[in-house]
Amino acid sequence: MRQTKLLLKRLLIYCLLLLTGCTWFQKPQPKPEPVPQPVPQQTEPAPPQVDFGKYKTEPTITVYMADTGETRSMPLEQYLEGVVAAEMLPDWPLEALKAQAVVSRTLTLNAIEQKTVQRIRQTDVSTSKEELQAYDAQKVNDHVREAVKSTRGLAMTYRDAFVNAIYSSCCGQKTATREESFAKEILYDAGYFQSVDCPCYEFAPEREKYWSLEVSGDEWKGAAGYTGPAENVKILEEGPSGRALYIGTDDKKVLGSEVRQKLGYDKMRSTLVTNVIYQQDGTVYLEGKGWGNGIGLCQWGAYTWGQKQQTYDYILHYYYKGINLQKLWE
């Protein structure tokens, strides 16, 4: 009887302890794992924002005429006619010419905003292809005028700024990323430059599709900033499109775009190198695809899309991802 009373007493105490929250007799519980915090993403700075309101009317721009050295003033749309006629053949499909008109207008406006030509010529633009875009007013025809007029005032924008609308002749069937062509020049967010497949080989001539180059060993290693044997210089890393991102040796490497610049843009026509052969006489033989930096609009790709009855806005959104088309002036 006494044992029964003792057991009931202990049970009562146990119940009271539970009700009051005492945990000294409970088995320790493991501490929960901390919730993983999101890793901060490194984002590139936005490009300098543009006050689009100042372009409500067509601007008159100053043009450095590279062939004569003089400076002229003309309406921007008039200047564009000469650019489109020089950058594409005037008899190309109208939609391809329209795409080129929007791209060239955008590149022009971006150059004005960034003062890229202003710094070297004290003008808004230049007719030197190396300094901005080609220009030939003598080639302008009604087809070109229609392409420019029908897209009048239309430009590509991205994150409240003009797209840096770089383009090339033939991308070798795969457009380049910014890192593969302009790693040092474009220091802000240019997410519109993405590598895409391109149908340019359907109509591009052979000289646009493939190239070959023979250089001396000294030229080859000199372009890579190397002083040892030329055969030590290799393509070290390729970018997403297969272009030579870095060329050099294990302890000395440079950007493929820099090597191309040093060897000559019209000699090494692209960084889409498919073969490097070291010859017994010391020379180096290179083979590659495409012509130009390969970034943005591929002109022979635009020609192909035009032949396939695709519209200019389809072409633009195909080569520049995530951009907007904005009407600036009537």
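Throughout, read-outs are computed from the coordinates displayed, never taken from laboratory work. Every value quoted in this text rests on a predicted model; they were computed, and no experiment measured them. Cβ: placed from backbone, ideal geometry, glycine included. Neighbour counts: every protein chain shown.
The table that follows gives values for the structure above.
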read-out: Cα-based reach from Lys54 at 15 Å (exclusive), listing aspartates and glutamates while leaving out same-chain residues under 8 positions away; value: Glu113, Asp160, Glu330
read-out: Label-point separation in nm, Glu202 to Arg72, each point 7 Å along Cα→Cβ; value: 3.7
read-out: Segment 260-330 and segment 194-212: distance between their alpha carbon centers, rounded to Å; value: 8
read-out: Listed residue (Ser168, Gly222, Gly239) projecting farthest to the positive dipole end of segment 167-295, Cβ model; value: Ser168
read-out: Where a label projected 7 Å from the Cα of His317 along Cα→Cβ would reach, residues of segment 147-173 with amide N under 14 Å; value: 157
read-out: Charge dipole of segment 167-295 about the Cα centre (unit charges at C-beta), most positive-ward option of Val254, Gln194, Gln280; value: Gln194
read-out: Whichever lysines have a C-alpha closer than 26 Å to that of Lys267, once near sequence neighbours (fewer than 8 apart) are set aside; value: Lys129, Lys174, Lys184, Lys209, Lys221, Lys234, Lys252, Lys253, Lys289
read-out: Anchor Lys56: lysines whose Cα lies under 24 Å away (excluding residues fewer than 8 positions away in-chain); value: Lys98, Lys115, Lys149, Lys327
read-out: Using a Förster distance of 22 Å, the FRET efficiency for Lys308-Ser150 (Cβ separation, nearest 0.05); value: 0.70
read-out: Extension gain (nm, one decimal) between Thr57 and Asp189, 0.36 nm per residue minus Cα-Cα; value: 44.7 nm
read-out: Between helix 76-87 and the chain: long-axis angle, C-alpha atoms, 0 to 90°, nearest 10; value: 80
read-out: Interchain or long-range residues, amide H under 5 Å from Ala176's placed H; value: Ile295, Gly296
read-out: Around Lys308: net Lys/Arg minus Asp/Glu count, Cβ-Cβ under 15 Å; value: -3
read-out: Dipole moment magnitude, nearest 20 debye, the chain about Cα centre, only Lys, Arg, Asp, Glu C-beta charged; value: 2500
read-out: Listed peptides 271-280, 122-131 by packing density, highest first (mean Cβ within 10 Å); value: 122-131, 271-280
read-out: Ranking of Leu245, Leu297, Leu263 by count of other Cβ atoms within 10 Å, fewest first; value: Leu263, Leu245, Leu297
read-out: Computed P(r) (all Cα pairs; the chain; 20 Å bins; percent); value: 27, 45, 12, 7, 8, 2, 0
read-out: Degrees, to the nearest 10: 94-114 long Cα axis against longest axis of the chain; value: 70
read-out: Calculated [θ] (222 nm, deg cm²/dmol) that DSSP helices of n ≥ 4 give over the chain, each run adding -39,500 (n - 2.57); value: -9000 deg cm²/dmol
read-out: Dipole moment magnitude, nearest 20 debye, segment 167-295 about Cα centre, only Lys, Arg, Asp, Glu C-beta charged; value: 140
read-out: Folded to 0 to 90 degrees: helix 2-20 orientation relative to the chain principal axis, Cα; value: 30
read-out: Cα-based shape type of segment 167-295, given that a ≥ b ≥ c are square roots of the gyration tensor eigenvalues and the cut on a/c is 1.5; value: oblate
